[in-house]
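Written out below as structure tokens is the structure these notes cover.
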Amino acid sequence: MTKSTADLTVDACPLCGCRSSIEVGSIPYAWIWAELERQLGLTTPAELRRRFTPAPEAELFACSTCGLEFFSPHNQGDAAFYAFLTSAKAGYYTNRRWEYSVAEKLLHDGDSLLDIGCGDGAFLKQVAGRVGRAVGVDQNPEGIRDLAEAGIEARCTDLAVFAAENAAGFNVVCAFQLLEHLPRVNAFAEAARRCVAPGGLLLVSVPNNDRPRLNPLDPLDCPPHHVSRWRPAQLREFARTFQFDLVDVVCERRRPRSLPGLLRSLGRRTSAHRRRGAVTSADALDGRSEPRAPSRRPTLSTRHLRNLMLGHTMILVARRPA
Ligand SMILES: [Zn+2]
């Protein structure tokens, strides 16, 4: 089914606000919850599940203007949903991310660094000793408490309020794995831009939607966790829209030695999903997650092969004009 957001029941694009888009897939919420519970080893509280199941299916749209893929309704998780996720034994936060090492190489002695959506402050703890000032902002009071106990400046506050008090206060501002959670990115972008000193850097990482998916039905890439899916073109569009100079979009790459294992896993996953009529192997490589009729002869395009070595994440490096 193709649906256009000219019908106002579909949410606007989180990046550009455009109201024209095409439906590119849908995932039953029952699948999302079942897979989430299986992965986390948890049972979702009934009240939480009811509140974050706004329709039988999460419908995925592609914006006609900027190409961003987003779910409608946006259905963004709240503090209670994240408390549920972080209660999993496996742990929601991770101490090491690929983009931390990319960002760390861009830091200089004496830099003033702001991490927006810092979580439990893993990146700040990693680099605090080598910059002049390191500050974290988050709306999760537990993470902020952890950071304060580690002796790192941290604020649990509304970002717009913080930005008004700290205009041009930092020469590096970063936000890791945040944009894909936001129903509208403009409030974040404007506050982040306000915090960056002229000539300073903004570093923004998101999952790369071009990557091959080992699990095309990854529930953590669906609402209420993620509301949008980004490719490099949308990070470049982000820089342009919010008046940053684009320095680079760097994509994580898989190690060549991981290729045989990746192909075996994709084969296993896609044959299992094909039996369920969920996705084709080409979909798995393409990152498409919509249920669809099985394809008898999945074909691999050159784009699939080019994307085969992409890792999970990419990072925008942009500069506020001096
Ligand atoms: Zn858009």
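Suppose we keep only residues that are surrounded by 15 or more Cβ atoms within 10 Å (Cβ to Cβ), assigned to a loop (DSSP other than H, G, I, E, B) and away from the ligand (no atom under 16 Å from the Cβ) within segment 17-49. Which one would you say is modelled with the lowest pLDDT? Of everything passing the filter in segment 17-49, Leu42 is modelled with the lowest pLDDT. When Ser228 is tested against (1) closer than 26 Å to Trp33 by Cα; (2) among the polar types (S, T, N, Q); (3) surrounded by 14 or more Cβ atoms within 10 Å (Cβ to Cβ); (4) modelled with pLDDT under 95, only condition (4) is not met.
Go through segment 51-65 residue by residue and tally those that are part of a loop (DSSP other than H, G, I, E, B) and surrounded by fewer than 21 Cβ atoms within 10 Å (Cβ to Cβ). Spell out the reasoning first.
Pass one, segment 51-65, residues part of a loop (DSSP other than H, G, I, E, B): 52-56, 64-65.
From the residues that got through so far, the ones that are surrounded by fewer than 21 Cβ atoms within 10 Å (Cβ to Cβ) too are 53-56, 64-65.
Here the count works out to 6.
When Pro14 is tested against the conditions (1) touching a strand residue (DSSP E or B) at 6+ places or on another chain (Cβ under 9 Å); (2) at pLDDT below 95; (3) within 16 Å of the ligand (Cβ to nearest atom), the lone failure is (2).
Is it the case that Gly119 is more than 16 Å from the ligand (Cβ to nearest atom) and either touching a Cys at 6+ places or on another chain (Cβ under 7 Å) or free of Cβ contacts under 8 Å to residues at least 12 places away in the same chain (or both)? Full working, then the answer.
Numbers: more than 16 Å from the ligand (Cβ to nearest atom): yes; either touching a Cys at 6+ places or on another chain (Cβ under 7 Å) or free of Cβ contacts under 8 Å to residues at least 12 places away in the same chain (or both): no.
The answer is no for Gly119.
Look at (1) free of Cβ contacts under 8 Å to residues at least 60 places away in the same chain; (2) closer than 19 Å to Glu99 by Cα; (3) out of contact with any Ser or Thr (no Cβ under 6 Å at 6 or more places or on another chain) and you find that Glu180 fails only one, number (3).
Can you go through Glu99, Glu104, Glu142, Glu57 and tell me which one is in contact with a Pro (Cβ under 7 Å, 6 or more places away or on another chain) and away from the ligand (no atom under 16 Å from the Cβ)? It would help to see each step written out before you state the result.
Values: Glu99 fails: in contact with a Pro (Cβ under 7 Å, 6 or more places away or on another chain); Glu104 fails: in contact with a Pro (Cβ under 7 Å, 6 or more places away or on another chain); Glu142 fails: in contact with a Pro (Cβ under 7 Å, 6 or more places away or on another chain).
Unique residue meeting the criteria: Glu57.
Which pairs have Cβ atoms under 7 Å, sit 6 or more apart or on different chains, and link a residue in segment 28-48 that is touching a residue at least 12 places away in the same chain (Cβ under 8 Å) to one that is of a type in the set (Gly, Ala, Ser) and surrounded by fewer than 17 Cβ atoms within 10 Å (Cβ to Cβ)? Hits for this filter: Leu40/Ala88; Leu40/Ala90; Gly41/Ala88; Leu42/Ser87; Leu42/Ala88; Leu48/Ala80. The residue pairs whose first member lies in segment 210-238 and is closer than 23 Å to Val10 by Cβ, whose second member is assigned to a helix (DSSP H, G or I) and β-branched (Val, Ile, Thr), and whose beta carbons are closer than 6 Å, counting only pairs six or more residues apart or on different chains, are Pro219/Ile32; Cys222/Ile32.
The one condition from (1) in contact with a Lys or Arg (Cβ under 8 Å, 6 or more places away or on another chain); (2) touching a residue at least 24 places away in the same chain (Cβ under 8 Å); (3) assigned to a loop (DSSP other than H, G, I, E, B) that Leu113 does not meet is (3). Within segment 222-249, the set of residues being within 13 Å of the ligand (Cβ to nearest atom), polar (S, T, N, Q) and touching a helix residue (DSSP H, G or I) at 6+ places or on another chain (Cβ under 8 Å) comprises Ser228, Thr241.
The values are calculated or read from the model by the stated rules, or taken from the named source; none is laboratory data. A quick note: this is a predicted structure, and the numbers were derived from the prediction, not measured. Note that each Cβ is placed from the backbone with ideal geometry, even for glycine, and that neighbours are counted across all protein chains shown.
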